[in-house]
Amino acid sequence: MLSNYGLRLVAVGLTVLALAGAGLVLKGLFVPESYGLYGSFRADTIMEEASLTIRHATNSSCFACHSYEAKIHKMGRHATISCEFCHGTYADHVRDNRKIAVLPVKREGEITVLCLRCHNTEIKARSQEVIKTVAMPGHLEDQQVKLTHNCNQCHHVHSPLKYIDRAKKITGIMEKTL
């Protein structure tokens with residue numbers, strides 16, 4: 001006959017075995033079959049993600065129809081910025097190579113809000129180094145214009161220095177721009 005201590009050890013051991021068994025049963029019920037096939041994730045996710053409808057496109061997709069904007073955009077400081085960053089996803093505008101909707105065009109203060117997504121502060125590349133950029137509202141103060149000024153009052157939205165460079169050429173001011 002087992003002592004009280006021995007009975008307690010057997011009870012604890014049986015409890016641990018019961019919990020481990022219940023854990024294995026739950027794992028079998030809730031962990032998908034493809035989990036762990038290629039590492040610590042669900043392998044079926046690969047095909048599920050590949051079958052999703054593509055929502056984004058490259059700038060060249062936009063430039064196929066918008067050649068005027070493409071020409072200006074490619075010359076400008078924002079040439080590397082995606083059209084979708086400002087205008088929304090390609091899939092909201094085109095499906096099966098046909099225009100399905102018009103993307104909203106930003107106007108007046110909306111343009112400034114859009115510009116402030118990047119131009120609200122200087123971009124710190126490293127703790128001591130600042131990437132050359134225009135930061136608001138300091139830029140408006142430097143140019144001695146009202147803080148309520150909209151960016152497109154001086155800048156072309158697809159090529160920010162287009163108007164500035166043209167004005168400098170006309171006036172003979174040839175200082176180096178950012």
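The values are calculated or read from the model by the stated rules, or taken from the named source; none is laboratory data. Please read these numbers as outputs of a predicted model, since none were measured by experiment. Note: ideal-geometry Cβ built from the backbone for every residue, glycine included; neighbour counts use all protein chains shown. Heads up: the accessible areas ignore ligands, DNA and RNA and are worked out on the full protein's heavy atoms, side chains in. Shrake-Rupley method; radii C 1.70, N 1.55, O 1.52, S 1.80 Å.
Miscellaneous remarks
- Filtered residues of the range 87-110 (kept if at pLDDT 90 or above and of a type outside the set (D, E, K, R)): HIS87, GLY88, THR89, TYR90, ALA91, HIS93, VAL94, ILE100, ALA101, VAL102
- Annotation: THR121 fulfils all but one of (1) under 30 Å from ILE54 (Cα atoms); (2) at pLDDT below 85; the unmet one is (1).
- Any hit, the range 122-143, residues being over 24 Å from the mean Cα position of the chain (by Cα), in a loop (DSSP other than H, G, I, E, B) and under 30 Å from VAL31 (Cβ atoms): no
- For the range 81-98, the set of residues classified as open to solvent by 40 Å² or more (accessible area, probe 1.4 Å) and farther than 15 Å from ARG117 by Cβ consists of TYR90, ASP92, ARG95, ASP96, ASN97, ARG98, listed by residue number.
- Contact map, the range 157-172: first residue within 18 Å of ILE81 (Cβ to Cβ), second residue among the acidic types (Asp, Glu), Cβ cut-off under 8 Å, separation 6 or more or different chains; pairs are HIS158/GLU69.
- Residue selected from the range 49-72 under the condition among the charged types (D, E, K, R) and not in a loop (DSSP other than H, G, I, E, B), by the criterion surrounded by the most Cβ atoms within 10 Å (Cβ to Cβ): GLU69
- Of all residues in the range 1-43, those satisfying the criterion of being out of contact with any Leu (no Cβ under 6 Å at 6 or more places or on another chain), open to solvent by less than 90 Å² (accessible area, probe 1.4 Å) and either outside any helix (DSSP H, G or I) or touching a residue at least 60 places away in the same chain (Cβ under 8 Å) (or both) are SER3, VAL31, PRO32, SER34, GLY36, GLY39, PHE41, ARG42.
- Residue under evaluation ILE46, criteria (1) more than 30 Å from SER82 (Cα to Cα); (2) open to solvent by 80 Å² or more (accessible area, probe 1.4 Å); (3) not in a loop (DSSP other than H, G, I, E, B), criterion not met: (1)
- CYS154 satisfies every condition listed in (1) more than 24 Å from CYS62 (Cα to Cα); (2) surrounded by 15 or more Cβ atoms within 10 Å (Cβ to Cβ); (3) touching a residue at least 12 places away in the same chain (Cβ under 8 Å) except (3).
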